[in-house]
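Have a look at the structure below, then the notes.
The values are calculated or read from the model by the stated rules, or taken from the named source; none is laboratory data. Just so we're clear, the structure is a prediction, and the values are computed from it rather than from any experiment. Quick reminder, even Gly has a Cβ in these numbers, built from the backbone with ideal geometry, and neighbours come from all protein chains shown.
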Amino acid sequence: MSTSTLVLQQIVNGVSLGSVYVLLAVGFTLSMGVLKLLNIAHGHFYMLGAYLVYSFAHLAGLGYWPAVLLAIPSTFLIGALVHLAGIKPLHGKGYLAPVLSTLAIAFLMESVALLVWPGTVRLIDTPYNYVTYSLAGVSFTEQRLLTFVAALALTAGLYFFLQRTKIGKALRATTQNEDSAELVGVNTGSMRLFALGLSAALAGAAGGLIGPLFAISPGIGLTALFKALVVVLLGGLGSIAGAVLGGFLLGLFEAFFGGFVNAAWTPVATFVLIIIILVVRPRGLFGREELE
Amino acid sequence: MDIELNLRTYSLIGMGVLLGLAIGLPFLLNEYWLYLSVVIIIYIILAMSLNLCLGYLGLLNLGYTAMFGVAGYITALLTIRAGLSEWIGLIAALGAIVLISLAIGSIALRLKGVYFILVMVAFLGICGGTAVSASGITGGSSGLGRLPIPSIMGLEFSTTFKYYYLALVILLICLYVVYRLVNSRVGRAMIAVRDNEDLANSQGINPLRYKMIGFVTTGLLAATAGWLYAHFVRFIDPSVLGFSMLFDTAFAVLVGGAGTLGGPIVGSLFVVIVPQLLGKIPVENIEAIRYIIFTVLLVVTIVRMPQGIWGWLKARYNYRYKMARFITLRNPYCLLEEDLLP
């Protein structure tokens, strides 16, 4: 395989992986913007999403796509419940208490996963994993293509939802200024509830989409959180467009580092990247202003 | 004045009784519970480490188990690979942790709120990833085994009975150091920085300096616990940088009571003893169920009783304390920097 094909192959891998990171991170940045909260449990919604798709698809015998469609509202509900039980009661009590609460909830979700899906890792088996396309020497499975398309479609859907609909506008208003949003009649309390549910559903969708590509274990929740963190740090906290760019950048970084340097050290390299970004440019590569 | 004197006498008597109990305990326990007692002591030191940062500085430093693990690996490498004495391992581990803390602290402590949490989480991730990936040095996932048993002047701490006393002495030293620290001018400055950084700064307290003191001490406590752990189980692997160690000690601090001296002790006793009692219940998957019970308890504590068990007892039985710290006791995190996010 020539070098240029290898580079092309890594670009394809990186972009398809990046599309899922985008989906994961837009939810994260949405909850950060609306709730002013660092949601440590975000990656665990992704993990639950993947497990739910596995259960719906294999144990309940539904197909892959119905399972994904069912997992999205399920994770939305779980997110809403988490908000009511652990985040809402701490509203207005400083930034640290809700973060601790989501940390505890992340632990809780991980232990529930260990109880419900014990033992080995799970694999979501779809027919699309067995169809491989080849284009100019670059090969990819149909699943990778579908994952990419679905992730992009969901992100675009979210973008139009936020830009065009009334609820979307209310969410953005809450992000920008809570008091002013209240003044013009936005119920910021229900917006916070809705935002957390929506961000959980997006993470769940990301987990369901990437589930057929990688093995599922309770530990992927934490890994997903780290990835979401890197993406929003790259793009700037609270910025949707930044999250889209950051997601693809992280996907490409991982693909190239894994393909050309050393796959085993990719996680460590990602963490070093986090620290470098925080030291050099805390507002993110595309963030407009420094967030204090 | 009378009340104060009485309180002082009572607490002195209480501490004397507890110390006597701690010294006499090995004669009452069987080997299994003695082993758990040493584990409890190690947990207490590690929980004190997090408590210093979270409770007295208001910084959610999730990197403390990284310091614990790094210290364990350093002493393991020096004693196994280089054949040095375990005391050199201790000194080297503490020295290395001071340097690492200064380096990572100078990056992390300048950042506020969530950014600080992020750097420390990333640091934990780097340590965990390196422990697994650098298998040529760290032994990878299978870890490093057969660490030497500590000995001092011919006295070898070879049995759990003897090791208990070594651990107890180290615990008492740590408790004394932390007690003196938080009740000194430095400790008051730390609390002032926690409660209102700008106000403290305007009073001539350099926030960065006191954060750094607390941060380095946090690292030293974790490193001491790491050394004690590594030479006790005589084995170290990447799991010390993982989920359960972080959870158990964070639970001990938050449920026990952050920002109090007794909190980590009560919490550590709880987190080790209760699972043993639960383990007697003949149910499948009891380990997963106990995590669920504990995490639910943790969420309820954070939401409903943020001062923890010890803070609650303190507020209930110590009137003077209650009046002085009324607001802080209601929620130890509520007076911190707010709205650091967009």
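General remarks:
- Taken as a whole, region A:22-37 holds at least one residue that is in contact with a Ser or Thr (Cβ under 7 Å, 6 or more places away or on another chain) and not in a helix (DSSP H, G or I).
- Members of region A:143-170 that are among the polar types (S, T, N, Q) and within 19 Å of A:Val34 (Cα to Cα): A:Thr155, A:Gln163, A:Thr165
- Positions within region A:248-278 being free of Cβ contacts under 8 Å to residues at least 24 places away in the same chain and within 9 Å of chain B (Cβ to nearest Cβ), in sequence order: A:Asn262, A:Ala264, A:Trp265, A:Thr266, A:Val268, A:Ala269, A:Val272, A:Ile275
- The set of residues in region A:128-153 that are farther than 14 Å from A:Ser16 by Cβ, of a type in the set (A, V, I, L, M) and touching a residue at least 40 places away in the same chain (Cβ under 8 Å) contains only A:Ala136.
- For region B:108-132, the set of residues classified as modelled with pLDDT of 90 or more and farther than 15 Å from B:Ala66 by Cα consists of B:Leu109 only.
Rundown of residues vs (1) buried (at least 24 other Cβ atoms within 10 Å of the Cβ); (2) away from every other protein chain (no Cβ under 14 Å); (3) of a type in the set (Phe, Trp, Tyr), yes/no style:
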residue: A:Leu62; (1), (2), (3): no, yes, no
residue: A:Ala71; (1), (2), (3): yes, yes, no
residue: A:Gly94; (1), (2), (3): no, no, no
residue: A:Leu100; (1), (2), (3): yes, no, no
residue: A:Leu123; (1), (2), (3): no, yes, no
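- Only one of B:Arg234, B:Arg316 that is basic (Lys, Arg) and on the phi > 0 side of the Ramachandran plot: B:Arg234
- Screening A:Leu146 with (1) within 11 Å of chain B (Cβ to nearest Cβ); (2) touching a Phe, Trp or Tyr at 6+ places or on another chain (Cβ under 7 Å) gives one miss only, at (1).
- Tally, over region A:253-292, of residues that are at pLDDT below 85 and aromatic (Phe, Trp, Tyr): 1
- Only helices (runs of 4 or more DSSP H) whose full extent lies in region B:265-342 are considered here, and the ones with at least 2 residues that are within 24 Å of the chain's Cα centre (by Cα) and at pLDDT 80 or above are B:286-304, B:308-317.
The rows are residues; the columns are (1) closer than 30 Å to A:Ala263 by Cβ; (2) of a type in the set (A, V, I, L, M, F, W, C); (3) over 14 Å from the mean Cα position of the chain (by Cα).
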{"position": "A:Gln9", "(1), (2), (3)": "yes, no, yes"}
{"position": "A:Val15", "(1), (2), (3)": "yes, yes, yes"}
{"position": "A:Tyr21", "(1), (2), (3)": "yes, no, no"}
{"position": "A:His42", "(1), (2), (3)": "yes, no, no"}
{"position": "A:Phe45", "(1), (2), (3)": "yes, yes, no"}
{"position": "A:Ala60", "(1), (2), (3)": "no, yes, yes"}
{"position": "A:Trp65", "(1), (2), (3)": "no, yes, yes"}
{"position": "A:Ala80", "(1), (2), (3)": "no, yes, yes"}
{"position": "A:Pro89", "(1), (2), (3)": "no, no, yes"}
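- Of all residues making up region B:221-236, the number that are surrounded by fewer than 22 Cβ atoms within 10 Å (Cβ to Cβ) and either under 14 Å from the mean Cα position of the chain (by Cα) or not in a helix (DSSP H, G or I) (or both): 2
- Residues that are more than 17 Å from B:Arg110 (Cα to Cα), in contact (Cβ under 8 Å) with a residue 60 or more places away in the chain and among the β-branched types (Val, Ile, Thr), drawn from region B:184-215: B:Ile191
- Restricting the first member to region B:276-291 and to residues that are surrounded by 12 or more Cβ atoms within 10 Å (Cβ to Cβ), and the second to residues that are at pLDDT below 80 and assigned to a loop (DSSP other than H, G, I, E, B), the beta-carbon pairs closer than 8 Å and six or more apart or on different chains are B:Ile289/B:Val283.
- Of all residues in region B:181-200, those satisfying the criterion of being loosely packed, with under 14 Cβ neighbours inside 10 Å and of a type in the set (S, T, N, Q) are B:Asn183, B:Ser184.
- Residue ID - nearest to the other protein chains (Cβ to nearest Cβ), chosen from residues in region A:228-241 that are assigned to a helix (DSSP H, G or I) and surrounded by fewer than 24 Cβ atoms within 10 Å (Cβ to Cβ): A:Ile240
- Leading residue by the ranking (surrounded by the most Cβ atoms within 10 Å (Cβ to Cβ)) among those in region A:102-121 that are more than 7 Å from chain B (Cβ to nearest Cβ) and assigned to a loop (DSSP other than H, G, I, E, B): A:Trp117
- Of all positions in region A:65-82, at least one carries a residue that is among the polar types (S, T, N, Q) and at pLDDT 95 or above.
- The number of residues in region B:201-216 being part of a helix (DSSP H, G or I), over 20 Å from B:Gly89 (Cβ atoms) and out of contact with any Phe, Trp or Tyr (no Cβ under 8 Å at 6 or more places or on another chain) comes to 10.
- Of the numbered criteria (1) among the polar types (S, T, N, Q); (2) surrounded by fewer than 23 Cβ atoms within 10 Å (Cβ to Cβ); (3) within 14 Å of chain B (Cβ to nearest Cβ), the one A:Asn39 fails is (2).
- Filter result for B:Ala167 (closer than 23 Å to B:Ser244 by Cα, more than 14 Å from every other protein chain (Cβ to nearest Cβ), assigned to a helix (DSSP H, G or I) and hydrophobic (A, V, I, L, M, F, W, C)): yes
- Which listed residue is surrounded by 15 or more Cβ atoms within 10 Å (Cβ to Cβ) and in contact with a Gly (Cβ under 8 Å, 6 or more places away or on another chain), from A:Leu213, A:Leu146, A:Leu154, A:Leu196: A:Leu196
- Some residue of region B:138-154 being in a helix (DSSP H, G or I), within 30 Å of A:Lys227 (Cβ to Cβ) and within 11 Å of chain A (Cβ to nearest Cβ): yes
- Matching entry among B:Ile265, B:Ile205, B:Ile273 (being closer than 22 Å to B:Leu172 by Cα and surrounded by fewer than 20 Cβ atoms within 10 Å (Cβ to Cβ)): B:Ile273
- Among the residues of this structure, B:Arg304 does not count as one that is farther than 17 Å from B:Ala47 by Cβ, basic (Lys, Arg), touching a Pro at 6+ places or on another chain (Cβ under 9 Å) and touching a residue at least 12 places away in the same chain (Cβ under 8 Å).
- For region B:107-120, the condition of being away from every other protein chain (no Cβ under 13 Å) and basic (Lys, Arg) holds for none of the residues.
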